[in-house]
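Laboratory data are not the source of any read-out in this text; all were calculated from the coordinates shown. Source: prediction; values computed, not measured. So basically every Cβ, Gly included, is an ideal-geometry build from the backbone, and we count neighbours across all protein chains shown.
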Amino acid sequence: MKKKLAYEEVMANLCRVGIDYHSSADCEIEILRGTFEKCDDEVLYPYIPMRLVALMEGYFQELYSNIIDADAKYRRNFAELVKDVQFELSMIDSFEQNTITFGEYASMLLPCNHLEDILTNITTLLETDRLKDEFNDTSILADVKEIFKYRHIFCHEIAGNIRLEHEKILKMIDSASELMKRIGGFVSGILYPKSPELTLDIINEAQKNFERKDKELHDLIKWLEENVDFEYWGINLDFMEVFEEYRKKRAEKVCENYEDGSLYGYFYAQSKKESTEELINGLKKNFRHFLRGYNASH
C-alpha cells in the first residue's frame with residue numbers, strides 16, 4: 001500500500017478529473033450500456049471489465065475524498081487504513097494554499113484492487129458494519145467480484161480460451177452501476193442525515209446553515225475583541241458593516257442566473273455562507289497565536 005505520492009502525480013490525476021456529469025463515471029457507464037447493448041463483437045467484450053474497474057476506482061476515490069474532507073473523525077479513521085503517511089514539501093504547500101484537499105490526497109492512497117478493498121475502505125472510514133446490508137438478496141457483490149477477476153485476467157494474461165457472453169457483460173455493467181449508486185446513497189445517508197427534499201425545506205436549511213456560520217463569525221470576533229489588545233497590536237476589526245454589504249452584493253451577483261428560479265434562496269444563502277466561512281478561516285489563520293486557547297475550549 002502506498003504511503004506517499006508525488007505532488008506531480010496527484011495534480012496530474014486531479015487535472016484529468018472532469019467536473020460535470022458528462023465526465024462522470026455514472027455518465028460513462030450509461031454510454032457503455034447503450035453502446036454494448038447493440039454490440040455483438042466478442043473481441044471488444046474484454047474491454048468492459050477493464051473499463052468498469054477504472055470507473056469504479058475513480059468513483060470511489062472521489063467518494064473517499066468527500067468522506068475524509070467532511071469531518072475530522074473520518075480523517076482519524078483514514079489513519080486506521082493507512083499508517084505513517086509521508087508528504088513532500090510541495091504537497092504540504094498545496095494543502096496550505098487549498099489547491100489540493102487532504103481528502104483528495106488521502107483517497108489516492110486507498111487501494112482498489114478487489115471489491116473487498118472498496119467495502120473495507122468505506123466501512124472503516126464511516127465506522128459502520130451495515131454496508132453489506134445494502135446488497136441483501138442481490139447478486140451485485142458476486143457480480144462485481146467477477147468484474148475484478150476478469151479485469152485481472154484480461155490485463156495480465158492472453159487467456160485465449162476465455163470468452164465473455166453478451167448477456168454477461170451487460171450484467172457486469174448493470175451491477176457496477178448499481179454498486180456505485182447503492183454505496184453512494186448509503187454514504188450520503190450518513191454524511192447528510194435527514195436532508196430536506198422539499199424546495200422550501202432546502203432553502204430553510206441553507207438559511208439555517210448560513211445563520212450558524214454568521215453566529216460563529218460574530219462569536220469569534222467578540223472573543224478577539226475581548227481577549228486581544230487591538231490598540232497595542234495596531235489591529236482594527238471594525239469592518240463588519242462593509243463585509244456584510246460585500247457578502248450581500250457577492251451573493252446577488254453569484255445568483256443572477258437563478259433570480260427567476262425556485263432555488264434562488266438556496267443559492268443566495270449558500271453564497272453568503274461561503275463568504276462567511278472564508279472570513280472565519282482568514283481570521284483563524286491571521287490570529288492563530290491568540291486563538292490557540294480559544295480553539296482548545298471550543
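For region 192-267, which GluC sites (Glu not before Pro) pass both filters: DSSP loop (anything but H, G, I, E, B) and at most 13 other C-beta atoms within 10 Å?
Glu197, Glu259
Cβ under 15 Å from Ile162's Cβ, Ile162 left aside: what net charge do those residues give with Lys, Arg +1 and Asp, Glu -1? Working shown, then result.
On the way: positive: Lys149, Arg151, Arg163, Lys168; negative: Glu42, Glu146, Glu157, Glu165.
Local net charge: 0.
Could you state the number of Å between the C-alpha centres of region 168-244 and region 13-68?
What the calculation gives is 29 Å, centre to centre.
Looking at region 1-108, which GluC sites (Glu not before Pro) are DSSP coil and have at most 12 other C-beta atoms within 10 Å of their C-beta? Present the calculation step by step, with values, prior to reporting the outcome.
Numbers: sites: Glu8, Glu9, Glu28, Glu30, Glu37, Glu42, Glu57, Glu62, Glu80, Glu88, Glu96, Glu104; in loops: Glu88.
When the GluC sites (Glu not before Pro) of region 1-108 are filtered for loop state and at most 12 Cβ neighbours within 10 Å, nothing remains.
Could you compute the net charge surrounding Glu42? Neighbours are other residues with a C-beta less than 13 Å from the C-beta of Glu42; K and R count +1, D and E count -1.
-2
May I ask for the net charge around Ile31, where only other residues with Cβ less than 15 Å from the Cβ of Ile31 are counted and Lys, Arg are +1 while Asp, Glu are -1?
-3
Nearest 0.05, what FRET efficiency do Leu170 and Tyr21 give at R0 = 30 Å with Cβ-Cβ as r?
0.85
Classify region 57-165 from the C-alpha gyration tensor, please: rounded if a/c falls under 1.5, else prolate or oblate depending on whether a/b exceeds b/c.
Oblate, since a/c reaches 1.5 and b/c is not below a/b.
Report, in deg cm²/dmol and to the nearest 500, the calculated mean residue ellipticity at 222 nm for the chain, where each DSSP H run with n ≥ 4 adds -39500 (n - 2.57) and the sum is divided by the residue count.
Calculated at 222 nm, the ellipticity per residue is -22500 deg cm²/dmol.
Any chance you could list the semi-axes, whole Å, largest first, of the equivalent ellipsoid that the Cα gyration tensor gives for region 7-191, using √(5λ)?
Semi-axes (√(5λ), whole Å): 31, 19, 15.
Tell me, what are the semi-axes, in whole angstrom and largest first, of the equivalent ellipsoid of region 199-296 as set by the roots of 5 times the Cα gyration tensor eigenvalues?
31, 14, 9
Against the longest principal axis of the chain, how steep is helix 264-286, in degrees 0 to 90 to the nearest 10, with axes from Cα atoms?
70
Cut-off 20 Å, label point 7 angstrom out along Cα-to-Cβ of Ser139: give me the residues of region 160-181 whose amide nitrogen falls inside.
Inside the label zone: 162-181.
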